[in-house]
1. When the helix-only estimate is applied to the chain (DSSP H runs of n ≥ 4, each -39,500 (n - 2.57), divided by the residue count), what is the mean residue ellipticity at 222 nm, nearest 500 deg cm²/dmol?
2. Take a quick pass over the chain and tell me how many lysine pairs come in under 24 angstrom between Cα atoms, counting only ones 8 or more apart or on separate chains.
3. Once the convex hull of the alpha carbons of the stretch 60-115 is built, what does its volume come to per residue, in cubic angstrom?
4. Just need the relative contact order of the chain here, percent rounded to a whole number, with Cα pairs under 8 Å and 6+ apart.
5. On a C-alpha basis, how far is the centre of the stretch 68-108 from the centre of the stretch 4-46 in Å? Whole number, if you could?
6. Rounded to two decimals, what ratio of Rg to Rh does the stretch 1-42 give with C-alpha atoms and a Kirkwood Rh?
7. With angles folded into 0 to 90 degrees, how steeply does helix 98-110 sit against the dominant principal axis of the chain? Use alpha carbons for both and round to 10.
8. Sorted by average packing, counted as other Cβ atoms within 10 angstrom per residue and highest first, what order do 63-74, 94-105, 9-20 take?
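Read-outs throughout are calculated quantities, based only on the coordinates presented, and are distinct from any laboratory measurement. None of these values were measured; they are calculated from a predicted model. Here the Cβ positions follow ideal geometry from the backbone for every residue, glycine too, while neighbour counts run over all protein chains shown.
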Amino acid sequence: MTAYHAYLCASAANPADRKAISAIENVNVLRFVVSRKIKTDLGWPDQREAVMRDILQAKFSDSTMATMLVSTDGLELVNTLDYDDKFWGVFRNNGRNILGSMLMELRDELCPAKS
């Protein structure tokens, strides 16, 4: 399961929907199904950032993944999207880029202290 799958599963109010989400491999199909068919938990907007932080912590606890993230030190990470999600990323030069910011914060935590 990808980090995206884990995030979407966490958002689903119905356990059966979580199972369906985890079975969809194609990201475009997954995005379509979730946007049109899956109901999110009522408290999801207040939980989504904390959930994403936990998912990113788990993903980058793998040493290979952590090394890849740390190798971007000094670079701004921008989650550029080809669909309209101005919360997690940037679409048509507009957006909050929350995911990019979270990745940079995690990278700073993982980077060895700079002298």
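1. Values: 6 runs with 66 residues, N = 115.
It lands at -17500 deg cm²/dmol.
2. Working: Lys19/Lys37; Lys19/Lys39; Lys19/Lys59; Lys37/Lys86; Lys39/Lys86; Lys59/Lys86; Lys59/Lys114.
So the count of such lysine pairs works out to 7.
3. Details: hull volume 5.0 nm³, N = 56.
Given the Cα convex hull of the stretch 60-115, per-residue volume reads 89 Å³.
4. Working: 107 pairs, mean separation 20.8, N = 115.
Taking the mean separation of contacting Cα pairs over the length of the chain, I get 18 percent.
5. 21
6. Working: Rg = 8.9 Å, Rh = 9.9 Å.
We get a ratio of 0.90 for the stretch 1-42.
7. Here the helix axis deviates by roughly 40 degrees.
8. Details: 63-74: 12.5, 94-105: 17.0, 9-20: 15.4.
Result, highest mean first: 94-105, 9-20, 63-74.
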